[in-house]
Amino acid sequence: FIFLSDQDDIWVEDKVEKTIQIMEQNKSCLLFFSDAYLVDEKKNLLEKSLWDNIKFKKKKTYKIEDFLGTRFVTGATVALKKELLDCLPIPECWIHDAWLAINASILGGVIASDKKTILYRQHSNNVIGVRKPSHIKHIMYCVKNIEKSIGFKKIMKKRFQSFIERNSENISENMLDELKKCEGFWEETSILLDVSFGKGLCLINKNFVSGNYQKYSNGIYSLLIDLYINIIYRYKRR
């Protein structure tokens with residue numbers, strides 16, 4: 001068993017014992033993650049837990065489809081079996097916990113526990129943390145940083161392309177089809193400024209009608225950003 005440890009977080013006393021117990025009860029489980037207490041820089045307990053903050057609800061089992069949209073596995077809570085190390089090295093375009101989780105979903109299994117296993121510090125120097133802007137603030141940030149937003153889409157496309165390349169032998173036809181749809185969504189939304197206005201509108205409509213914005217991104221908020229890119233930013237850039 002391998003436990004990931006972030007240098008500024010604190011483990012609860014029975015973290016290792018309870019985690020191994022849960023993983024041994026679920027033999028196919030390759031990766032475990034959990035809820036966490038949120039604390040400030042001085043270790044004062046904050047009102048909400050990690051899962052309350054990100055509005056995450058635990059499921060009994062996790063399939064690959066669960067890892068194609070919003071990230072919800074927090075690396076500081078993760079434990080894994082050594083067999084999962086076969087998925088190393090981690091491609092540069094991936095965040096480590098997301099890569100480990102999506103690989104575990106096809107190589108064995110993923111288990112979540114609502115038992116809080118760490119005190120997850122929130123401070124001004126968090127690399128990621130859990131503080132998220134409101135949807136309106138997120139849209140405004142993306143509108144002001146369109147090139148970064150497009151760059152992110154290209155990175156997401158690379159992520160799923162690299163995952164398919166590395167796992168071709170472990171992926172069923174149905175699974176491969178879903179992954180290619182996800183990769184296609186990020187590719188099509190990353191080239192909006194490289195195609196004509198009409199073509200861009202068709203790509204946006206296609207992904208809206210098929211539900212891809214909801215499955216792979218932030219739903220209506222991502223749709224609004226792409227409409228802004230295709231309709232307004234396109235002409236601002238001229």
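The values are calculated or read from the model by the stated rules, or taken from the named source; none is laboratory data. Model, not experiment: these values are computed from the prediction. Glycine also receives a Cβ, built like all others from the backbone with ideal geometry; neighbour counts cover every protein chain displayed. These area figures cover heavy atoms from the full protein model, side chains too; ligands, DNA and RNA do not enter into them. Shrake-Rupley method; radii C 1.70, N 1.55, O 1.52, S 1.80 Å.
Quick look at the numbers
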{"quantity": "Residue list for the stretch 35-80, restricted to those being open to solvent by 40 Å² or more (accessible area, probe 1.4 Å) and under 12 Å from SER113 (Cα atoms)", "calculated": "LYS57, LYS58, LYS59, LYS60, THR61"}
{"quantity": "Matching residues in the stretch 197-216 - criterion: being open to solvent by 30 Å² or more (accessible area, probe 1.4 Å) and within 26 Å of GLY109 (Cβ to Cβ)", "calculated": "GLN214, LYS215"}
{"quantity": "Conditions (1) touching a Phe, Trp or Tyr at 6+ places or on another chain (Cβ under 9 Å); (2) open to solvent by 10 Å² or more (accessible area, probe 1.4 Å); number of the one not met by ASP86", "calculated": "(1)"}
{"quantity": "Failed condition for MET23, given (1) more than 28 Å from PHE152 (Cβ to Cβ); (2) assigned to a loop (DSSP other than H, G, I, E, B); (3) in contact with a Phe, Trp or Tyr (Cβ under 6 Å, 6 or more places away or on another chain)", "calculated": "(2)"}
{"quantity": "Any pair with Cβ under 9 angstrom, 6 or more apart, that starts in the stretch 50-69 at a residue that is over 25 Å from LYS153 (Cβ atoms) and ends at one that is of a type in the set (Ser, Thr, Tyr) and in a helix (DSSP H, G or I)", "calculated": "LEU50/THR77"}
{"quantity": "Considering residues of the stretch 136-173 that are basic (Lys, Arg) and over 16 Å from the mean Cα position of the chain (by Cα) only, the residue least open to solvent (accessible area, probe 1.4 Å)", "calculated": "ARG166"}
{"quantity": "Residue that is exposed (fewer than 14 other Cβ atoms within 10 Å of the Cβ) and at pLDDT 95 or above, where the choices are ASP226, ASP194", "calculated": "ASP194"}
{"quantity": "Elements of type helices (runs of 4 or more DSSP H) in the stretch 144-238, at least 3 residues being within 27 Å of CYS87 (Cβ to Cβ) and of a type in the set (Asp, Glu)", "calculated": "173-190"}
{"quantity": "Selection count where residues are of a type in the set (Gly, Ala, Ser) and open to solvent by 40 Å² or more (accessible area, probe 1.4 Å), scope the stretch 3-34", "calculated": "2"}
{"quantity": "Selection status of CYS182, touching a Lys or Arg at 6+ places or on another chain (Cβ under 8 Å) and modelled with pLDDT of 90 or more", "calculated": "yes"}
{"quantity": "Condition broken by GLY109, with the remaining ones in (1) open to solvent by 20 Å² or more (accessible area, probe 1.4 Å); (2) over 24 Å from GLY184 (Cα atoms); (3) of a type outside the set (Val, Ile, Thr) satisfied", "calculated": "(1)"}
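So that you can scan it fast, the table gives a plain yes or no per residue for (1) in contact with a Ser or Thr (Cβ under 9 Å, 6 or more places away or on another chain); (2) without any contact (Cβ under 8 Å) to a residue 40 or more places away in the chain; (3) closer than 26 Å to PRO91 by Cα:
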position	(1), (2), (3)
LYS158	no, no, yes
GLU178	no, no, yes
CYS182	no, no, yes
ASP194	no, yes, no
LEU201	no, yes, no
ASN205	no, yes, no
TYR221	no, no, no
ASN230	no, yes, no
